[in-house]
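Take a look at the structure set out below.
What follows draws every value from the coordinates through simple rules; no lab data is involved. Since the model is a prediction, treat every value here as computed from it, not as a measurement. With ideal geometry, Cβ positions are generated from the backbone for all residues, glycine too; neighbour counts draw on all protein chains shown.
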């Protein structure tokens, strides 16, 4: 969300990629895709590349990884070095849920590391309110109870929780065989 906010406020061209976007079974194709991504970002400068789940691309190197994985990592490190040495208006943001898994060489290429902690109770309450917007019959007390019971949930977890909750009535209707009329006051218990 930080990277997307920067894209929005700077009016930069934003490229959002995951490992699946640049992985190919064809030898050398993944490196070409990665090279093309960075080349396009340079052409569209100012631009920001956001790599989602960086741990999929930049895990600590071991002897067990495939030749393809090694080549992709090498290409990524090479492209990051180009951005740092040539004064271009290209920034790279990366996200991970497992920073301890990242390769030290990859970590070194990022000037800043920002730890975004899990949301506290008040933040969880706000996230829940934002995700439910006009699709709820809950009051402040309900939101506080939900926020308290979701300790340890990330913003993404809360989004999934709300979406599942909003879809539950539809799923129940799909398998229902009998229907009963319910008053609005009976819906919240």
The range 1-158: relative contact order from alpha carbon pairs under 8 Å, six or more residues apart, as a whole percent, is 21
For the pair residue 171 and residue 81, the simple spin-label estimate (label points 7 Å beyond Cα toward Cβ) gives in nm 4.9
Gyration tensor (Cα only) of the range 121-178 to equivalent ellipsoid, semi-axes in Å sorted down, yields 23, 12, 10
Note: residue 101 to residue 40 extended length (0.36 nm per residue) minus current alpha-carbon separation gives 19.1 nm
Taking only the alpha-carbon positions of the range 1-51 as identical scatterers, the Debye log10 I(q)/I(0) at q = 0.24, 0.31 Å⁻¹ comes out as -0.87, -1.13
Placing each pseudo-label 7 Å from Cα in the direction of the beta carbon, residue 123 and residue 8 end up separated by a distance in nanometres of 1.7
